[in-house]
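Here the structure is laid out as structure tokens; the discussion comes afterwards.
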Amino acid sequence: MTDLFGLLGFLIPLGILLLLFLSGVRIVNEYQNGVVFRLGRYVGLKRAGFRWLIPFVERMVIIDLRTVARDVPPQDVITRDNVSVKVSAVVYFRVIQADKAVLQVEDYLYATSQLAQTTLRAILGQVELDQLLSERERVNRDIQRVLDAHTGPWGIKVSNVEVKHIDLPLEMQRAIARQAEAERERRAKIIAAEGEHQAAEKLSMAADVLSRNPATLQLRYLQTLVEITTGGNHTILPIPLDILRAVGAAASRSGFGAPEDEHHSNGHGDEEGPPAGRLT
């Protein structure tokens with residue numbers, strides 16, 4: 001009996017010590033840091049691995065060091081040109097100093113989310129709608145830079161901010177659609193005008209080439225007749241160009257189709273005489 005009580009007297013303290021030892025055991029993962037407090041006072045960080053704390057004396061707060069993605073709820077924003085839009089975004093950040101994330105801010109996740117919302121409204125209120133739609137990368141960088149400057153004292157690094165969705169009013173969507181349509185019509189007219197200009201230049205060059213050799217004009221005339229006949233059933237009576245030239249020359253010599261004889265009057269209203277070298 002005495003041996004039994006002696007054994008129990010040895011095992012009970014040993015069991016209590018074992019329980020105390022196990023109660024102080026902590027396992028810190030590779031992507032975590034532990035902030036240790038001893039009687040409420042900060043004493044240091046615990047890295048990844050097996051860690052043991054003094055039971056009832058030390059306490060450890062585990063901080064995740066991985067990148068966190070937080071959605072920014074849609075915010076009502078009035079842009080610089082007084083257009084009301086709803087904008088949502090996503091913020092990517094991570095803790096780089098676990099002790100500051102615990103000591104400098106109560107809840108770094110909530111604080112960063114709220115700061116992202118206010119910063120989003122502040123930055124977008126300084127840009128116009130066209131800049132928000134066309135220069136989104138620059139707007140993202142501005143928001144990230146401001147957020148990073150404010151969260152730096154908390155030991156938090158904001159790596160990226162992305163504006164996800166911009167909800168425009170229906171009237172503004174219609175106005176943008178009309179603007180885009182007008183822009184495309186303008187481009188189409190410019191392209192058509194450039195095409196007409198180039199075509200006119202090419203036609204002028206072709207006319208110069210044809211005028212150097214009359215045979216080329218005859219070949220072009222025959223080619224045009226062939227193209228006309230391939231379009232359907234047509235009856236065409238080809239007239240040689242030489243005949244047309246001869247008829248035109250005869251008409252010019254006979255005065256047919258020439259303008260009426262011009263009568264020049266002198267300053268007194270009398271008709272002038274016939275030109276020199278002509279019989280009257």
With x for Gly and Pro, the residue-by-residue ³J(HN,Hα) of segment 45-61, computed from phi through the Karplus equation 6.51 cos²θ - 1.76 cosθ + 1.60 at θ = phi - 60° and given in whole Hz, is 10, 10, 7, 5, x, 7, 9, 10, 10, 6, x, 6, 10, 10, 9, 10, 9
Estimated translational D of segment 80-206 in µm²/s (Stokes, Kirkwood radius over Cα pairs; 4 °C; 1.567 mPa s): 72 µm²/s
Assuming R0 = 51 Å, what is the FRET efficiency of D81 and L203, from their Cβ-Cβ distance, to the nearest 0.05? 0.60
I need to check one value: relative contact order of segment 114-210, counting alpha carbon pairs closer than 8 Å and at least 6 residues apart, in percent. 18 percent
How large is the convex hull of the Cα atoms of segment 153-213 per residue, expressed in Å³ as a whole number? 173 Å³
Between E135 and W52, the two model label points (7 Å from Cα along the beta-carbon direction) sit apart by a distance in nm of 6.1 nm
Principal axis dimensions, largest first and in whole angstrom, of segment 112-169 by Cα: 38, 18, 18
Under 28 Å from the Cα of K46 - lysines, other chains or at least 8 residues apart: K100, K157
Where the only charges are on Cβ atoms (+1 Lys, Arg; -1 Asp, Glu), what is the dipole of segment 170-214 about its Cα centre, to the nearest 20 debye? 60 debye
What does the extension gain come out to for L103 and S159, with contour length at 0.36 nm per residue minus their alpha carbon separation? 18.0 nm
Round to the nearest 0.05 the FRET efficiency obtained for A180 and T67 when R0 = 35 Å and r is the Cβ-Cβ distance. 0.40
Chain lengthening between S88 and A250 when straightened (0.36 nm per residue, less Cα-Cα): 49.9 nm
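Quick note: the coordinates plus some simple rules give every number you see, no bench work behind them. Being a predicted model, the structure only gives us computed values, none of them experimental. Here the Cβ is made from the backbone with ideal geometry for all residues, glycine too, and neighbour counts use every protein chain on show.
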